[in-house]
Structure formats: structure tokens, C-alpha cells
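Notes follow once the structure below has been shown.
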Amino acid sequence: MLSLSTGIWVAVGCDVLAFPVFCGIVAGGLPVVRPIFRGDAQRWRVRVFLCLIAAAAIFAALATVLGLRTSGQSLAAVGMTAPGWISWMIVGIFGAFFLLGAAGINPSPDLPAPSEPRLVLLPHTRSERLFMLLVIAPVAAVSEELVYRGLFLTLLTELIGFWPSNLIQAAIFGFHHGGFHQGWQSMTSRVVIGFALGLLVWWHGNLIPAMVIHFLMNASTAARPLKPGKNAA
């Protein structure tokens, strides 16, 4: 049972600013952000941009943890309990697999960077792939699951029940990945993913499996080779 304390509501406010507002509205395509995706220094700006995304995720996770602590609650209140040794072994195996896969792929830096923002954000070099695998993938998996399927879903479920709560958190999750600028098809697919992860947490009663699946989906981006045809400027 999640106690609805002041700390929890402050955490929700911080998380809303960090994810739906920053990622969905600011990072999603405001005119001031668009120069990031073009120009001679494009790759450098994109790397800074990805660091800001990772910082927003860490900020949201810390806000959630501090909100729970200040209200005298633990992470178990939002469904995050210590996994057994089998879970850790599975995570280690898959992590090593994707690390080797990403390190073994070295796409040509001579390929022109794509002009479409969603393709620009994909890793183009080995260092970017490793950064995606070792930083973006785990940070996003832990932080987003802790916020959406942890804090948001738990809090809303206690207020209005599971099914509407799962739909709401999935919709916010879908919006956070680029706002309305990402297109309805892309946003709908992410809403479906968020909804499915919510079902997994509800069925399992634990955030860890959702975090692992989320990590694997993010990690697959690092191991996915870019096709030359998709890299036309």
C-alpha cells in the first residue's frame, strides 16, 4: 500500500517534469531543439542531447526514491523488490550477450548522418553503441519502470483502479518518447508497449521483469546495424 504523503506528490511532480514534459514536449520537437539534428557538429550535439535524456531519467529515479524515503516507505511499496539469484544470472547473461554484440559492430563513420530526428538519435559509431548499451539502456529501463509502472501505476491504481491506471500510464509513457511530433503510429506502438509492461508488473507483482525486458528492447537499438539506405542525408 502506497502512502499518499507530501513526498510522494513532490516525486510525482518532479517525474512529470522530467519525463512527459522534458522528453515529450522539449525533446519531442520544439523549434529550439531542431538545430540539434542538423549541421556540421550534429553528432556532438546529439551526444550531449542523449546525456541530457539520461540525466532526466536519473533525476526522475532519484525523485521517486527520495519521495518514498521521506514518507517512510521503501521501493517495495511500488513493486521493486530484490530479485533472486536466477534473475541476476539471466540479466548478466543477456547483458554480456548485448555487450559483445554491440562491441562487434563497427558501422562506417563515412555514412552520412540521417536528417530525420528519430534516425539521428540512433548510435552511429562503436562508442555511441556502447554508450547506448551501458548508459542509456539500463538507466532508461530502471528509471522509466520505476516511475511509470512503479510510482504512477501504483498511485493511480489505489485511486481509480488498475485498468484505467494502466491505460493512463501507458499513454503518458508513449507521449514521453517524442510527444506528438513522433507521429501517431510511433506513439501508439509505445503506448501498447507501456500497457503490456504494466500488465506484466500487475501479473508478476514485481518491477524487475519489466526492467529486464525494457533493457533488452533498449539494448537491441545498440546492437542493430544501420542500413546505408537509411542513412541518406
Fill in the blank from the handout: In whole Hz, the Karplus estimates of ³J(HN,Hα) for the range 164-178 (6.51, -1.76, 1.60; θ = phi - 60°; x where Gly or Pro) are x, 5, 5, 5, 5, 5, 5, 5, 5, 4, x, 5, 5, 8, x
Completion exercise
Proxy exposure order for Cys23, Cys14 (fewest C-beta within 10 Å first) is Cys14, Cys23
Exercise for the section: Provide the packing ranking of 179-189, 120-130, i.e. peptides ordered by the mean count of other C-beta atoms within 10 Å per residue, highest first. Expected result: 120-130, 179-189
Completion exercise
Of the range 185-223, those with amide N under 15 Å from the point 7 Å along the Cα→Cβ vector of Thr81 are 201-210
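Here, each number is a calculation from the coordinates, and none is a lab measurement. The structure presented is a predicted model; accordingly, all values stated were derived computationally and were not measured. Positions of Cβ are generated from backbone atoms using ideal geometry, with glycine treated the same way; all protein chains shown enter the neighbour counts.
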